[in-house]
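Student: Okay, handing you the structure first.
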Amino acid sequence: MTALHITDIEAAINWWRDRSPSPDGVTACAEVRALAEVYALMVYRRDSECDEASLPQAARTAWLAWYETTPDAPCIAICSTTQGDDVCKGCGRTFDEVQHWPSMTPAQKRAVWRRITQEGTAWRFNRYAERARRARGIDHPPADSLEAPAGRRPEDAA
């Protein structure tokens, strides 16, 4: 059994609310209603997860539409499992998760995403992320604001 976490159901509801806002401030679109029913039952039962197979078809369709807008793989192209590590330093997935990713269901992939995000130990969430933030900062100005190196004309750069 692969379970969907309540935060994924909530994220899908919010995505649909942004995508199809209520025309009158009260009425929700069909996708929000389908997901809200699942969400309400989870809250009522105090469940943090629901079985992927138990989702009503309308809720599953709405959830999958949201899922398609999320990044598929957490890979940052620094895979240490190819060097023999059991867990990739780049993305945080295990060797088996990396190998079987293409055949995993959306719910299985979301469970992996949730785990690696909570652990937050992979470079995706620390060193790499810090470098990516700095790359957008002052230390990397736009290319058109840079002067051409001595002896080269700007038109030669192309």
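The values are calculated or read from the model by the stated rules, or taken from the named source; none is laboratory data. On a predicted model such as this, the values are computed, not experimentally measured, just so you know. Counting neighbours? That spans all protein chains shown, and the Cβs are built from the backbone with ideal geometry, glycine included. Keep in mind that these areas ignore ligands, DNA and RNA; they rest on the heavy atoms of the full protein, side chains included. Shrake-Rupley method; radii C 1.70, N 1.55, O 1.52, S 1.80 Å.
Student: Kindly state, to the nearest 0.05, the FRET efficiency for V26 paired with T70, given R0 = 41 Å and r defined as their beta-carbon distance.
Tutor: Efficiency computed from Cβ-Cβ geometry: 0.90.
Student: Follow-up question, since we're still on this one. Just to verify a number: FRET efficiency for C79 and T2, C-beta to C-beta distance, R0 = 25 Å, to 0.05?
Tutor: Step by step, r from the Cβ atoms, then E = 0.55.
Student: Which semi-axis lengths, in whole Å and largest first, follow from the square roots of five times the eigenvalues of the Cα gyration tensor of the stretch 9-120?
Tutor: So the three semi-axes of the stretch 9-120 are 32, 15, 12 Å.
Student: Just to verify a number: what accessible area does C75 come out at with the full protein assembly present, 1.4 Å probe, Å² rounded to tens?
Tutor: 70
Student: Please list, in order along the stretch 98-111, the HN-Hα scalar couplings obtained from phi with the Karplus expression 6.51 cos²θ - 1.76 cosθ + 1.60 (θ = phi - 60°), rounded to whole Hz, x for Gly and Pro.
Tutor: Taking θ as phi minus 60°, the curve returns 5, 5, 9, 3, x, 9, 6, 6, x, 5, 5, 5, 5, 5 Hz for the stretch 98-111.
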